[in-house]
Amino acid sequence: MVHLRQHRRRPCAARRDGLAAGRRRTAGDDFVSRLDTLVADAAQARAAGEPLPSPCVQICRIDARTGWCEGCWRRLEEIGGWMTMDEDARWAVWQRIAQRRATAPPTRP
């Protein structure tokens, strides 16, 4: 398992949703619904012409089987390249996250 730490210029999805402000995840949280909500939020931001938020939810562990982050479902190269991507490339990442979500059961952090 690879642990990651990434600096951001914009608030990530977790901060925007208040998770970084002291709310801790519990075993009862529905991670699938949360990811669906984040994907929908990204689609709304794109439709409104707003900058796309980072998919990061501050759970940074790479699943050895899939190569995806267990928190945001991105691959290492998608995480590492996020800050230099244009909005079209970021949208493509969000679309891949949605596809991964639709085709594989989530790994519960």
Pairs with Cβ under 8 Å, 6+ apart, first in the stretch 75-103 and closer than 19 Å to residue 50 by Cα, second assigned to a helix (DSSP H, G or I) and of a type in the set (Phe, Trp, Tyr): 90/82; 93/82
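Does residue 74 meet the test of being surrounded by fewer than 17 Cβ atoms within 10 Å (Cβ to Cβ) and basic (Lys, Arg)?
no
Hey, any hits in the stretch 95-103 for a residue that's outside any helix (DSSP H, G or I) and modelled with pLDDT of 95 or more? Quick ask: steps written out before the conclusion?
First pass over the stretch 95-103, keeping only residues outside any helix (DSSP H, G or I): none.
There is no residue in the stretch 95-103 that is outside any helix (DSSP H, G or I) and modelled with pLDDT of 95 or more.
The values are calculated or read from the model by the stated rules, or taken from the named source; none is laboratory data. Quick caveat: nothing in here was measured; it's all calculated off a predicted structure. Virtual Cβ from ideal backbone geometry, glycine too; neighbours counted across all protein chains shown.
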